[in-house]
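Engineer: Quick one: this structure, given as C-alpha cells, is what I'll be asking you about.
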Amino acid sequence: MTENNFWLKKIEISVSEAEKRTGRNAMNMQETYTAYLIETRSVEHSDGQSVLTDSLWRRYSEFELLRNYLLAFYPHVVVPPLPEKRAEFVWHKLSADNMDPDFVERRRIGLENFLLRLASHPILCRDKIFYLFLTQEGNWKETVNETGFQLKADSRLKALNATFRVKNPDKRFTELKHYSDELQSVISHLLRVRARVADRLYGVYKVHGNYGRVFSCMCRESCTVYRMLFLTRYASSIDDILEDEEHYADQLKEYLFYAEALRAVCRKHELMQYDLEMAAQDLASKKQQCEELATGTVRTFSLKGMTTKLFGQETPEQREARIKVLEEQISEGEQQLKSKNLEGREFVKNAWADIERFKEQKNHDLKEALISYAVMQISMCKKGIQVWTNAKECFSKM
Amino acid sequence: MDMNSFSPLMPTSPLSMINQIRFEDEPDLKDLLITVDEPESHVTTIETFITYRIVTKTSRGEFDASEFEVRRRYQDFLWLKGKLEEAHPTLIIPPLPEKFIVKGMVERFNDDFIETRRKALHKFLNRIADHPTLTFNEDFKVFLTAQAWELSSHKKQGPGLLSRMGQTARAVASSLRGVKNRPEEFMDMNNFIETFSQKINLIDKISQRIYKEERDYFEEMKEYGPIHILWSASEEDLVDSLKGIASCIDKCCKATEKRMFGLSETLLPVVHEYVLYSEMLMGVMKRRDQIQAELDSKVEALTYKKADTDLLTEEIGKLEDKVECANNAMKADWERWKQNMQNDIKSAFTDMAEENISYYEQCLATWESFLTSQTDLHLEETSEEKS
C-alpha cells in the first residue's frame, strides 16, 4: 500500500503558516477562523535534500476530528494531546483572545508538535486517516466520518459506570490513574502560580522604566540622555523574557493535557474489565440456574420458583427444554468469556507497552524543559547584571 | 525677629568646618554624636503617644557632661524645629517626618510606621548636629540635654502664641511684594527648587511603586518553589531536577527579599527626606521674601513721606542689614545643601544599582550551578547507556 512506502522514506512535517479566514458555518452564519498550512516534505536518503510533496490548509476543528478518530480506534495508545482550545493560565498582559497573533503563533507551534508526535509514534504513524489528513484536502472529513468511529467510541456514561462498579482492575492502571490525577493537579497549580509570578515580574520591570524619563533631566549638562535609556531598555526587556517563558509554559501544558490521555487508557481498561466481570457473573448465575433445575433444589430466590410454588410445578419436558437452552447459553458464554479474557490481556499488554514508551518520553521532555527554564533564568540574570552595571556607572557620574 | 549671635559665615571652630564636609562617615571627627532609638508607648487617660530615647555623646565644653540620655516625643521635635526656624528664617532647616500618613494606615502606631519615623528623627537630629550654624543653637542643646520638666519650663519662655499668629498674618500680606523684587540669583534658585520639587516627588512615587511591586513579586515567589517539591513526590525519575529547581527558586526568593530590604533601608528614606526638603525650601524662600517685603514697604513709606522720615531711615538701615544677612545666610546654606543633596541622591541610587547587581549575580550563580549539575548527570547517564 502506498502509505507504507510513504513512511519508509524520512518525512518532515511542518505547520508553517496561519491565516485568518471567514466562511459560513453549519448554521449558515458568517464566522472567522484561523487556518493552518501543513507542509509535508520527503527527504531523499541519497542527497539529504527535501522535496515538498504535499501542502494543504486545515483548521483546528479538523485536528480535533483527527484526534477523536484516533482515540476511538486506538484505545490502548496514549494519544498525544492538542494545544489548548482557549488560552488559559494567562497573566494579565497576555491576551486571552483566540484571534490574538501571539496566541495563534503559539498554537501553530503546538499543532506542529502534535503532528510530529503522531509521526514519531510507532503505531499511530501508520494510520491511513492520519496519512490522508496530511495529503487529502477535500473530502477528508467525510472519509473520517465513514469509518464510523463515533459508534466505536465508548459512551462517557458507560465508562463512568464501569469506573465505579469494577471490582478487580489491574493495579498498575489504578496507580496510573492516581498518578495522572496528581500530575494534572500539580502542573495546573504550577502554571497558575507561574502566571502570577510573571505578572509581578512584569510590574517590577515596567515601573523601572518610569525612572528613565525622570532622570534624563536630573543629570548635569555634560551627560547625554542616552545613558538613561538603559532603564527604559531594562523595562522593555521583560517582554522577550516572558515570551520565552510562555514557550516553557506550553511545554508543561502539553503534559498537563497528556494526563487526560492517560486517564482515557485507564478508563478503557476499566470498561473492558467491568465487561469481563459482568460476563463472568452472568455465566456463573446461568450455571447455577442450570444446576438448580437439574437437581431440583432451589438455593436462590427466583420469581419462577415462587410462581411454580403458587401455581404448580412445571412438566419434566418444560424443565428439560429450559436446561437445554441454558446449556447452550452457557457454552456460548464460556466462549465469549474466553475471548474477552484474551482481549483484555492483549489490551493490557499493548497499553502497558505504550505507557512505558510514554514514560520515557515524558521524563526526557520534562527534564529538557526544566533545563531550558534554567537557561532562560541565566540569560535573564546576565542581562540584568549588564543593565545595572551600566546604570551604576551613570549614577556615579550624576 | 531674633537672630543667633553667631554669623553663619564664620564657623567658630575648625572642627565644625570639618563637620561641614563629612556626614556620618567618620564619627571620630565629630564632637557630637546622637542616636535615636527605643521607641516606647505611653498610655495616659487622655492619649497614647510614643517617646524615643535620645542618647548624646559629646566632647564640647559648653555641655555640662559628656553623655546625656533623654526621652522625647514627636511634639518636642516639632517645637525644636519651630524654634530653629524662628531663629534662622533663611537657613535650610532639616525636615521632620510627617505628622501622620493618611493613606493606607490602619492604626497610627504600627511597627513599620514607628521604625520609619525613628530613622527619620535620627536623621533630623544628626543633620542639625552637622550644620555649621544650627549645631550651636541653644534650644538644640536644651532639647538634647534637659529632663522632661526642664524642657517644659524652657518651652514656656520665648514669644507667645499671639505674637506668632501676628507674624503669620503679616507674612501672608507681604509675601507677594517680596516675590516681585526678588533678585535674579534667587529667581534662579526658586526655579531650581520648583523643578527639583517636581522631580523628587515623581522619583518618590516611582520608588514607592517599585518597592510595592518587588514585595508582591516576593510574595508570589514564595509559593512557586514548593510546588516543584510537591511534584517531585510523584516523579521518581525527575526528583533531582525538580528539587534542584525548587532550591534555586527559594534562593532567588531570598535574594529578592534582601534587595527589597536594601531599597527600604537606603533609597526610600533618602528620597522621601528630599521630598520633605523640597517643601522646606519653598518655606525658606517665602521667609526670605517676607524679610525683603518688610524692607520694601518701609522704603515705599519713605517715598510717600507717610511717617517720620528720620525714624523711617533708621529702620530702613536696620532692615537693609537684615535683608543682606538673610540673603547671605541663605546663599551659603543653599550651596551646602545642594552639594549634600547631589551626594546623597547619587550615593542612594548607586547603592540601589549595586543591590540589583548583587541580586542578579546571586541568582546567576544558583542557576548556573543547577545547570552544571544537570548536564553532568546527563553526561553520566548517556555514558552509562553507551556502556
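Engineer: With respect to the cross-link table entries B:K99/B:K123; B:K99/B:K205; B:K155/B:K298; B:K57/B:K119; A:K392/B:K258, which display a Cα-Cα separation exceeding 23 Å?
Structural biologist: Beyond 23 Å between Cα atoms: B:K155/B:K298.
Engineer: Looking at segment B:197-247, which trypsin sites (Lys or Arg not before Pro) are in a loop (DSSP not H, G, I, E or B) and have at most 15 other Cβ atoms within 10 Å? Before the final figure, lay out the partial values.
Structural biologist: Working: sites: B:K199, B:K205, B:R209, B:K212, B:R215, B:K222, B:K243; in loops: none.
Sparse-neighbourhood loop trypsin sites (Lys or Arg not before Pro): none present.
Engineer: If ligands, DNA and RNA are left out, what is the accessible area of A:T32 with a 1.4 Å probe, given in Å² to the nearest 10?
Structural biologist: Accessible area of A:T32: about 70 Å².
Engineer: Further question: Using +1 at the Cβ of each Lys and Arg and -1 at the Cβ of each Asp and Glu in chain A, identify which of A:A280, A:P101, A:I123 lies farthest towards the dipole's positive end.
Structural biologist: Positive-most Cα among the choices belongs to A:P101.
Engineer: Mind putting a number on the dipole of segment B:183-387 about its Cα centre? Charges go on the C-beta only, +1 for Lys and Arg and -1 for Asp and Glu, and I need it in Debye to the nearest 20.
Structural biologist: Working: 24 positive and 44 negative charges, 182 e Å.
With only Lys, Arg, Asp and Glu charged at Cβ, the dipole is about 880 debye.
Engineer: Something else now. Which loop-located chymotrypsin sites (Phe, Trp or Tyr not before Pro) does segment B:214-304 contain, where loop means any DSSP state but H, G, I, E or B and the Cβ has at most 15 other Cβ atoms within 10 Å?
Structural biologist: Numbers: sites: B:Y217, B:F218, B:Y224, B:W231, B:F261, B:Y274, B:Y277, B:Y304; in loops: B:Y304.
Qualifying residues, ordered by number: B:Y304.
Engineer: Rolling a 1.4 Å sphere over the protein heavy atoms, what is the accessible area per residue of chain A, to the nearest Å²?
Structural biologist: Working: 21570 Å² over 398 residues.
I get 54 Å² per residue for this part.
Engineer: Could you work out the percent of alpha carbon pairs in segment B:46-91 separated by over 13 Å, rounded to a whole number? Could the numbers behind the result be given before it?
Structural biologist: Numbers: 709 of 1035 pairs.
Tail of P(r) above 13 Å: 69 percent of Cα pairs.
Engineer: Can you send over the solvent-accessible area of A:D239, 1.4 Å probe, protein chains only, in Å² to the nearest 10?
Structural biologist: 70
Engineer: Still on this structure, please answer the following. Find, among the chymotrypsin sites (Phe, Trp or Tyr not before Pro) in segment B:327-366, those assigned to loop by DSSP (not H, G, I, E, B) with at most 16 other beta-carbon atoms within 10 angstrom.
Structural biologist: Numbers: sites: B:W334, B:W337, B:F349, B:Y359, B:Y360; in loops: none.
Nothing satisfies the criteria.
Engineer: Could I ask something else about it? Cα atoms only, segment B:183-387: Rg and Dmax in Å?
Structural biologist: When restricted to Cα atoms, segment B:183-387 yields Rg and Dmax of 31.3, 116 Å.
Engineer: If you average the alpha carbon positions of segment B:44-71 and of segment B:321-342, how far apart do those two centres end up, in angstrom?
Structural biologist: Cα centres, segment B:44-71 to segment B:321-342: 30 Å.
Engineer: Once ligands and nucleic acids are excluded and a 1.4 Å probe is used, how much of A:S120 is accessible, expressed in Å² to the nearest 10?
Structural biologist: Ignoring ligands and nucleic acids, A:S120 comes out at about 90 Å².
Engineer: A further question on this structure: For segment A:67-189, just say rounded, prolate or oblate: build the C-alpha gyration tensor, square-root its eigenvalues into a ≥ b ≥ c, call rounded for a/c under 1.5, and beyond that prolate if a/b exceeds b/c, oblate if not.
Structural biologist: Numbers: a/c = 1.95, a/b = 1.12, b/c = 1.75.
Because a/c hits 1.5 or more and a/b fails to exceed b/c, segment A:67-189 counts as oblate.
Engineer: Separate question: Roughly how big is the B-A contact, given as buried accessible area in Å² (both sides, 1.4 Å probe, nearest 100)?
Structural biologist: Numbers: alone 23000 and 24080 Å², together 42070 Å².
Result for this pair: about 5000 Å² buried.
Engineer: May I pose another question? Residue by residue through B:187-200, how many Cβ atoms from other chains fall within 10 Å of the Cβ on average? Present the calculation step by step, with values, prior to reporting the outcome.
Structural biologist: Numbers: counts 0, 0, 0, 0, 0, 0, 0, 0, 2, 1, 0, 2, 4, 2.
Mean number of neighbouring Cβ atoms from other chains: 1.
Engineer: Continuing with this model, one more query. Volume per residue, Å³, of the convex hull around the alpha-carbon atoms of segment B:292-355?
Structural biologist: Expressed per residue, the convex hull around the Cα atoms of segment B:292-355 is 69 Å³.
Engineer: Taking K and R as +1 and D and E as -1, what net charge do the other residues with C-beta under 13 Å from the C-beta of B:A348 add up to?
Structural biologist: Details: positive: A:K392, B:K123, B:K346; negative: B:D204, B:E265, B:E273, B:D344, B:D351, B:E354, B:E355.
After counting each charged neighbour, the total is -4.
Engineer: Cα gyration tensor of segment B:63-156, axes a ≥ b ≥ c as square roots of the eigenvalues: rounded (a/c below 1.5), prolate (a/b > b/c) or oblate? Kindly include the intermediate steps, with their values, before the conclusion.
Structural biologist: Working: a/c = 1.86, a/b = 1.48, b/c = 1.26.
It is prolate, given that a/c is not under 1.5 and a/b is the larger ratio.
Engineer: Right, here's the next one. log₁₀ I(q)/I(0) of chain A at q = 0.11 Å⁻¹, via Debye over equal Cα point scatterers, no solvent, to two decimals?
Structural biologist: -0.98
Engineer: Work out the charge dipole of segment B:183-387 with +1 on the Cβ of Lys and Arg and -1 on the Cβ of Asp and Glu about the Cα centre, then indicate which of B:Y277, B:Q374, B:C252 is farthest towards its positive end.
Structural biologist: Projecting each Cα onto the dipole axis, the largest value belongs to B:Y277.
Engineer: Quick check: Cα centre of segment B:230-304 to Cα centre of segment B:120-158, how many Å?
Structural biologist: So the separation of the two Cα centres works out to 27 Å.
Engineer: Ok, one more. Cut-off under 19 Å on the C-alpha distance; same-chain residues fewer than 8 positions from B:K156 excluded. Which aspartates and glutamates are left, in chain and number order?
Structural biologist: Leaving aside aspartates and glutamates fewer than 8 places away in the same chain, those within reach of B:K156 are B:D2, B:D76, B:E85, B:E86, B:E138, B:D139.
The values are calculated or read from the model by the stated rules, or taken from the named source; none is laboratory data. Computed from a predicted model, the values in this text were never measured in an experiment. Virtual Cβ from ideal backbone geometry, glycine too; neighbours counted across all protein chains shown. Remember, those area values only see protein heavy atoms, side chains included, never the ligands or the DNA or RNA. Shrake-Rupley method; radii C 1.70, N 1.55, O 1.52, S 1.80 Å.
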